[in-house]
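Participant: Here you go, one structure.
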Amino acid sequence: MAFFSKNSRTIINNLKSKAGLSRLMKQSRNCCSMSCLNNTNCCRFIPLTTIPQLRNPDSYSHKKGFLFCFQRFQSTTSEQQFASLPNGEHNQELDFPGGKVVLSPEMQFLSESPCVYNHCYRVLDDNGQLISNSNFVQVSEEIAVKMYSNMATLQILDTIFYEAQRQGRISFYVTTIGEEAINIASAAALKSDDIVFPQYREPGVLLWRGFTLQEFANQCFGNKADYGKGRQMPVHYGSNKLNYFTVASTIATQIPHAVGAAYSLKMDKKDACAVTYFGDGGTSEGDFHAALNFAAVTESPVIFICRNNGWAISTPTSDQFRSEGIAVRGQAYGVRSIRVDGNDALAMYSAVHAAREMAINEHRPILVEAVTYRVGHHSTSDDSTKYRPADEIEWWKMARDPVTRFRKWIEANGWWGSETESQLRSSIRNQLLQAIQIAERAEKPPVNDLFTDVYDNIPSNLHEQEKWLRGTINRHPKDYPADVPV
Amino acid sequence: MFIVKFVFLHFVCLLQREREMALRNIMGKRVRIGLMGRRLLSTATCDVESGNSKSINLYSAINQALHVALETDPRAFVFGEDVSFGGVFRCTTGLADRFGKARVFNTPLCEQGIVGFGIGLAAMGNRAIAEIQFADYIYPAFDQIVNEAAKFRYRSGNQFNCGGLTIRAPYGAVGHGGHYHSQSPEAFFCHVPGIKVVIPRSPRQAKGLLLSCIRDPNPVVFFEPKWLYRLAVEEVPEHDYMLPLSEAEVIRQGSDITLVGWGAQLSIMEQACIEAEKDGISCELVDLKTLIPWDKETVEASVRKTGRVLISHEAPVTGGFGGEISASIVESCFLRLEAPVARVCGLDTPFPLVFEPFYMPTKNKILDAIKATVNY
C-alpha cells in the first residue's frame with residue numbers, strides 16, 4: 001500500500017462521502033488503491049435495482065449483488081471529484097485522440113488485479129435455499145419445473161450416451177455434467193429468436209428449445225436422419241429451426257461469428273440478440289479477444305457466456321490465465337460484465353435475463369462468466385483422474401450438484417416431489433434407450449452426401465471424383481462400410 | 001552508391017515499362033495507360049466515353065462494383081481496416097458517404113476478427129464484403145477461412161451457410177513492396193474445398209467478376225492485382241454486369257503452345273507472346289480467372305490443340321498453383337503433350353526488395369521457356 005502522500009489522503013477524504021467507496025476500500029485486498037483512484041476512468045456501480053424486473057428493491061446490499069460497471073464518459077462525476085482538489089493545476093484533463101486523460105505528477109501503475117474482488121452473483125445457497133436480500137428475476141412454477149425437468153433429462157441423456165460410447169455403439173461423446181444449470185437456465189432466459197453459437201458443452205440449450213432425444217441420437221449415430229448428414233463426430237449438433245448454429249470442434253471460432261450475427265440483428269431491428277458459449281480455455285484464443293473488441297466497437301447485441309469450469313482438458317485455469325477470472329476482462333474491452341455462480345440456476349437465469357435486456361435495448365455486448373466445475377471428463381477420450389484427484393471430482397458431483405440444488409428449491413416451493421422425480425427419470429431413460437435403438441438401426445446417409453454441400457452446387461471436379469470413387473467401390477466393395485448406401 | 005541506385009532505378013523502370021507496354025495489349029482497344037508506377041500521380045477516371053462505357057483504372061472499377069453491390073442489395077456491407085475514408089487504395093471511396101456508417105465501416109486492426117465477424121454477418125443472410133488491407137496480412141484470418149467459412153455449409157448439412165461472404169485483398173508485386181506488400185498467397189487457398197478463389201486481370205474483368213463473387217452463394221477470396229490499381233486503364237461498362245466464375249477465357253488465340261496465367265502476370269505473358277510471334281511461334285494465352293474451382297475443360301481443350309503448356313505466376317514455384325495445373329494436364333493430356341509442362345514462376349524465397357527484378361517471372365524468362373518448350 002505505497003503512494004500515500006498528502007494529496008492522496010485529501011483525495012480519499014473528499015471521496016469518502018461518495019456512496020460506498022470507503023466501505024469498498026476497506027473490503028478490498030491486493031489493492032493499489034491510489035492507482036485506482038487516480039485512474040481517470042472512474043469506477044461506478046450499477047445497482048441491480050435499476051433493472052426493472054428484479055424484486056426486493058429494498059434489499060440492496062453492499063456485499064452482494066453489485067454490478068461492477070465502468071462508465072467511460074461519465075465525466076461529470078470525475079469532474080466533481082477533481083474540482084475540489086487543492087492543487088488543481090497538477091491534475092488537468094487533456095484530450096488525446098486515443099482518449100481523455102487526467103494528468104498526474106505521481107507515477108501510478110494500475111494493479112494487475114482488480115481493486116475490488118469481482119463479486120460472484122448467487123441467489124440460492126448450496127442447499128437450494130434462497131439467500132436473504134437477494135435480487136433475482138422471479139420464475140413461475142411452470143418455467144421452474146420445465147427447467148428442472150430439462151436439467152434432469154440432460155443428466156440422464158449424458159449418462160446413457162456416455163455408456164453407449166463405452167459399449168462401442170457411438171464413437172465419441174462429451175458430457176455436460178456439472179454444467180446443467182448454465183445450459184438450461186441460460187436457455188430459459190433467452191427467447192427462441194435469439195441466435196445461439198455454441199462451443200460443444202451446451203446441448204442443454206438445444207434440449208430446452210425442443211430438440212428431441214431422437215434427434216440427439218440421430219446425430220450421435222450419424223444416420224440419414226442426422227441434420228448434419230453424418231459428416232461430423234457425435235455431439236456436433238445443429239438446428240437452423242431452433243436457431244442453434246452447428247457445433248464445430250474448433251475452439252472459440254464461433255465467438256466472432258456471434259458478433260457478426262448480432263450486428264445483423266441490430267441492423268434488422270430485431271427484438272433478439274446473439275448468444276455464444278465457450279469455456280475458460282476458449283478465452284485464451286485470439287478469436288475471443290477479437291470478438292469482444294469488435295462487439296464493443298460495433299455496439300452489437302451479443303451475450304458472451306463463459307463456462308469457467310476450471311479445466312481445459314487437463315489444463316487448470318492457473319495454467320490458462322492469470323487474470324482474476326474472465327469477467328474482469330470485459331472492462332478492458334469496454335464490455336459490461338458479470339460473474340455468476342454457474343451452479344445456481346436462478347442466478348444464471350436472472351443474469352442472462354438482465355444481460356439480454358441490456359444487449360438488445362442498449363445495443364451493447366455483455367460478458368457473463370459462469371463459474372462452475374466440469375464434473376465429467378473432457379470427453380470419452382479423456383480420463384481426468386490422471387490429472388486431478390478423484391475425490392475432488394466426487395465432491396463437486398455430490399455436494400455441489402446444480403440439479404440437486406435446484407430441485408431442493410422447487411421442492412421447497414411445493415412444485416416437485418419424489419414421485420414426479422422417479423416418474424420423470426424412468427420415463428426419460430426409457431425414451432432414450434428407445435431413441436438409441438432406433439438411431440442405431442437406421443441407415444447411414446448415402447455416399448452421394450460426401451460430395452454435396454461443399455459448394456451450393458457440385459462443381460465439375462467433384463462430379464469427376466464421385467464417378468471415379470464409384471468405380472473403385474464397385475471393384476473393391478469390401479473396403480467400404482456396409483451400412484452406407486452407395 | 002549513386003550508381004547502384006541509378007542502375008536499380010533503371011531496372012525498375014524497365015520492369016515497369018515492360019508492364020506498361022504489356023498492358024496496352026492485354027486490354028480492350030481504346031486504352032489509355034496511366035503514369036509509371038512509382039511516383040504515381042493520381043489517374044482520375046478519363047473523360048473518354050464510349051457508349052455507356054468509361055475508361056477507368058482498376059481501383060475505380062472495383063469501387064464501381066462495390067457501389068453497385070451496395071445499391072442493389074440493402075443487406076450488403078463493406079468493412080475492413082480504413083475502408084471508411086476510402087481505403088488505402090481508394091477502392092472504397094464514397095461508399096460511407098453514400099450508404100452510411102452502419103453499412104460501410106472501419107473495423108479494429110484484426111484480420112481474424114474481420115473474417116470471423118464477416119462469417120457471422122453472412123450466416124444471417126447478408127452480403128458481407130470484407131477487405132483485408134494486403135494479402136500479406138490475410139494469415140491471421142486463415143483459420144476462420146479454412147476451418148469455418150469453407151466448411152460452414154458442409155458441416156451443418158446445409159442448414160447454414162456463409163455464402164454471402166466475399167473477402168477482397170490486394171495481392172502481388174508492386175515494384176517496391178518487399179516481403180510484406182507483394183505476396184501472392186493464392187496457392188494456400190486453392191487447397192481448401194468450400195471456398196472459391198478469383199483473380200481478375202483488368203478493370204473490366206474486375207468489376208464483373210467482383211459482382212459475381214459478391215452474389216455467388218459461396219464464400220469467395222478475391223485477390224486484386226495491386227500493381228494494376230492505377231496502371232491498368234480500360235473501357236468499363238457503367239452498368240451492373242457480371243462475369244461468370246469458374247470459366248477460363250482464351251484471350252489470345254494460338255496454335256503452338258498454351259500459356260496459362262492469372263492477374264497481373266497475364267500482361268507480362270502477353271508481351272512474351274507478341275515477341276514469340278516474331279520468331280514464328282503462335283501462342284495461345286488463357287486467363288484462368290477462377291483458380292478454384294478451375295475450368296479444366298478450357299485449358300485441356302487448348303492443350304489438345306497446341307500440345308504444349310507453360311504456366312506462369314508470381315508466387316514461388318514450389319507448391320504454387322502451377323503445380324496443380326501441371327499435374328492435372330499431364331493426367332488428362334499426357335499422350336498429346338510434345339514437351340514437359342513448363343512453369344515460369346517466382347523463386348522459392350521471400351519476396352525481396354532490391355532483388356525483385358531477379359525474383360520476378362519476367363517476359364524474357366517466359367520467352368526463353370516458350371522457345372525451349374517449342375524446341376524440345
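The values are calculated or read from the model by the stated rules, or taken from the named source; none is laboratory data. Keep in mind that what you see is a predicted model, and the values were worked out from it rather than measured. When we count neighbours, we look across all protein chains shown, and the Cβ atoms used for this are built from the backbone with ideal geometry, even at glycine. In case anyone asks, the SASA skips ligands and DNA or RNA and just uses the protein heavy atoms, side chains included. Shrake-Rupley method; radii C 1.70, N 1.55, O 1.52, S 1.80 Å.
Participant: Restricting attention to region A:349-394, which residues are polar (S, T, N, Q) and either in contact with a strand residue (DSSP E or B) (Cβ under 8 Å, 6 or more places away or on another chain) or on the phi > 0 side of the Ramachandran plot (or both)?
Facilitator: Within region A:349-394, A:S350, A:T372, A:S384 meet the criteria.
Participant: Follow-up. Go through region A:126-140 and report how many residues are buried (at least 17 other Cβ atoms within 10 Å of the Cβ) and not in a loop (DSSP other than H, G, I, E, B).
Facilitator: Result for region A:126-140: 0.
Participant: Being open to solvent by less than 10 Å² (accessible area, probe 1.4 Å) and closer than 12 Å to B:A264 by Cβ is the filter here; which residues of region B:204-225 pass it?
Facilitator: Of everything in region B:204-225, those that are open to solvent by less than 10 Å² (accessible area, probe 1.4 Å) and closer than 12 Å to B:A264 by Cβ turn out to be B:A206, B:F223, B:E224, B:P225.
Participant: Of everything in region B:151-177, what is away from chain A (no Cβ under 13 Å) and at positive phi? Give them in sequence order.
Facilitator: Those that are away from chain A (no Cβ under 13 Å) and at positive phi: B:G172, B:G175.
Participant: If you scan region B:301-339, which residues turn out to be over 22 Å from the mean Cα position of the chain (by Cα) and aromatic (F, W, Y)?
Facilitator: Residue satisfying the conditions is B:F334 alone.
Participant: Would you mind finding the one in B:Y171, B:Y137, B:Y154 that is modelled with pLDDT of 95 or more and out of contact with any Gly (no Cβ under 9 Å at 6 or more places or on another chain)?
Facilitator: Step by step, each of B:Y171, B:Y137, B:Y154 is checked, and only B:Y137 is modelled with pLDDT of 95 or more and out of contact with any Gly (no Cβ under 9 Å at 6 or more places or on another chain).
Participant: Name the residues in region B:80-109 that are surrounded by 20 or more Cβ atoms within 10 Å (Cβ to Cβ) and either aliphatic (A, V, I, L, M) or more than 13 Å from chain A (Cβ to nearest Cβ) (or both), would you?
Facilitator: Of everything in region B:80-109, those that are surrounded by 20 or more Cβ atoms within 10 Å (Cβ to Cβ) and either aliphatic (A, V, I, L, M) or more than 13 Å from chain A (Cβ to nearest Cβ) (or both) turn out to be B:V83, B:G87, B:F89, B:C91, B:T92, B:L95, B:V104.
Participant: Sticking with this one: Any idea which residue in region A:300-329 is most open to solvent (accessible area, probe 1.4 Å), counting only those that are part of a loop (DSSP other than H, G, I, E, B) and charged (D, E, K, R)?
Facilitator: A:R322
Participant: Right, something else. Could you pull out the residue among A:V328, A:V340, A:V335 that is of a type in the set (A, V, I, L, M, F, W, C) and within 29 Å of A:E141 (Cα to Cα)?
Facilitator: A:V340
Participant: Of these, B:F105, B:F152, which one is hydrophobic (A, V, I, L, M, F, W, C) and in a strand (DSSP E or B)?
Facilitator: Just one listed residue meets the conditions, B:F105.
Participant: Can you pull out the residues in region A:406-425 that are over 21 Å from A:N343 (Cβ atoms), open to solvent by 60 Å² or more (accessible area, probe 1.4 Å) and not small (G, A, S)?
Facilitator: Those that are over 21 Å from A:N343 (Cβ atoms), open to solvent by 60 Å² or more (accessible area, probe 1.4 Å) and not small (G, A, S): A:E419, A:Q423.
Participant: Ok, one more. If we keep just the residues of region A:212-232 that are open to solvent by 40 Å² or more (accessible area, probe 1.4 Å) and more than 10 Å from chain B (Cβ to nearest Cβ), which is nearest to A:V302 (Cα to Cα)?
Facilitator: So the residue we want is A:T212.
Participant: Now for a different question. Using the structure shown, decide if A:I428 is over 14 Å from A:M147 (Cα atoms), in a helix (DSSP H, G or I) and open to solvent by 60 Å² or more (accessible area, probe 1.4 Å).
Facilitator: Details: over 14 Å from A:M147 (Cα atoms): yes; in a helix (DSSP H, G or I): yes; open to solvent by 60 Å² or more (accessible area, probe 1.4 Å): no.
So A:I428 does not fit the description; no.
Participant: Test of understanding: among A:K229, A:K266, which residue is basic (K, R), farther than 20 Å from B:K151 by Cα, touching a helix residue (DSSP H, G or I) at 6+ places or on another chain (Cβ under 9 Å) and assigned by the TED database to the domain that holds A:I436?
Facilitator: Just a single option satisfies the conditions, and that option is A:K266.
Participant: Additional query: Sort out which residues of region A:245-255 are surrounded by fewer than 24 Cβ atoms within 10 Å (Cβ to Cβ), among the hydrophobic types (A, V, I, L, M, F, W, C) and either facing chain B (nearest Cβ under 8 Å) or outside any loop (DSSP other than H, G, I, E, B) (or both), and write them in order of number.
Facilitator: A:A248
Participant: In addition: Given B:T362, B:T373, which one is open to solvent by less than 20 Å² (accessible area, probe 1.4 Å), β-branched (V, I, T) and under 16 Å from B:L259 (Cβ atoms)?
Facilitator: Of the residues listed, the single one that is open to solvent by less than 20 Å² (accessible area, probe 1.4 Å), β-branched (V, I, T) and under 16 Å from B:L259 (Cβ atoms) is B:T373.
Participant: Further, regarding this structure: Does B:Q144 fit the bill of being at the interface with chain A (Cβ under 9 Å from one of its Cβ atoms) and either on the phi > 0 side of the Ramachandran plot or in a helix (DSSP H, G or I) (or both)?
Facilitator: Yes; evaluated as a whole, the condition is true for this residue.
Participant: Pairs please, first residue from region B:299-323 and not assigned by the TED database to the domain that holds B:E224 and open to solvent by 30 Å² or more (accessible area, probe 1.4 Å), second anywhere and assigned to a strand (DSSP E or B) and among the basic types (K, R), Cβ atoms under 6 Å, 6+ apart in sequence or on different chains.
Facilitator: If the second residue must be assigned to a strand (DSSP E or B) and among the basic types (K, R), the pairs left are B:V317/B:R343.
Participant: Which of the following residues is more than 17 Å from A:G230 (Cβ to Cβ), crowded, with 17+ Cβ neighbours inside 10 Å and among the hydrophobic types (A, V, I, L, M, F, W, C): A:L433, A:L462, A:L450? Even if it seems obvious, please write down each step before you answer.
Facilitator: Working: A:L433 fails: crowded, with 17+ Cβ neighbours inside 10 Å; A:L450 fails: more than 17 Å from A:G230 (Cβ to Cβ).
Testing whether each residue is more than 17 Å from A:G230 (Cβ to Cβ), crowded, with 17+ Cβ neighbours inside 10 Å and among the hydrophobic types (A, V, I, L, M, F, W, C) leaves just A:L462.
Participant: What's the number of the only condition in (1) within 12 Å of chain B (Cβ to nearest Cβ); (2) within 30 Å of B:P108 (Cα to Cα); (3) surrounded by fewer than 24 Cβ atoms within 10 Å (Cβ to Cβ) that A:A258 fails to meet?
Facilitator: That leaves (3) as the condition not met.
Participant: What about B:S55, is it farther than 22 Å from B:E238 by Cβ and surrounded by fewer than 23 Cβ atoms within 10 Å (Cβ to Cβ)?
Facilitator: When the stated conditions are applied, B:S55 does not pass them.
Participant: Which residues, counting only those in region A:174-211, are in contact with a strand residue (DSSP E or B) (Cβ under 6 Å, 6 or more places away or on another chain), in contact (Cβ under 8 Å) with a residue 60 or more places away in the chain and within 14 Å of chain B (Cβ to nearest Cβ)?
Facilitator: Once the filter is applied, which keeps residues that are in contact with a strand residue (DSSP E or B) (Cβ under 6 Å, 6 or more places away or on another chain), in contact (Cβ under 8 Å) with a residue 60 or more places away in the chain and within 14 Å of chain B (Cβ to nearest Cβ), region A:174-211 yields A:D194, A:I195, A:V196, A:F197, A:P198, A:Q199.
Participant: Still on this structure, please answer the following. Over 33 Å from the mean Cα position of the chain (by Cα) and among the basic types (K, R), is that true of A:R441?
Facilitator: Taking the combined requirement at face value, the residue satisfies it.
Participant: Right, here's the next one. Looking at region A:445-467, I want the residues that are closer than 11 Å to B:R153 by Cβ and within 10 Å of chain B (Cβ to nearest Cβ) and have a partner that is outside any loop (DSSP other than H, G, I, E, B) and open to solvent by 20 Å² or more (accessible area, probe 1.4 Å) with Cβ atoms under 6 Å, at least 6 apart or on another chain. Which pairs are those?
Facilitator: A:D453/B:R153; A:D453/B:Y154; A:V454/B:Y154
Participant: Return the residue satisfying two criteria in turn: it lies in region A:470-486 and is under 23 Å from B:Y154 (Cβ atoms) and open to solvent by less than 30 Å² (accessible area, probe 1.4 Å), and of such residues it is farthest from the other protein chains (Cβ to nearest Cβ).
Facilitator: Initial filter on region A:470-486 (under 23 Å from B:Y154 (Cβ atoms)): A:470, A:472-473, A:480-481, A:483-486.
Subsequent filtering for residues that are open to solvent by less than 30 Å² (accessible area, probe 1.4 Å) retains A:472-473.
Details: A:T472: 16, A:I473: 20 Å.
Only one residue fits best here, namely A:I473.
Participant: Just to be sure, is A:L242 among the hydrophobic types (A, V, I, L, M, F, W, C), more than 30 Å from A:N293 (Cβ to Cβ) and open to solvent by 10 Å² or more (accessible area, probe 1.4 Å)? Don't jump to the end; show me each part of the working.
Facilitator: On the way: among the hydrophobic types (A, V, I, L, M, F, W, C): yes; more than 30 Å from A:N293 (Cβ to Cβ): no; open to solvent by 10 Å² or more (accessible area, probe 1.4 Å): yes.
Spelling it out, it is not the case that A:L242 is among the hydrophobic types (A, V, I, L, M, F, W, C), more than 30 Å from A:N293 (Cβ to Cβ) and open to solvent by 10 Å² or more (accessible area, probe 1.4 Å).
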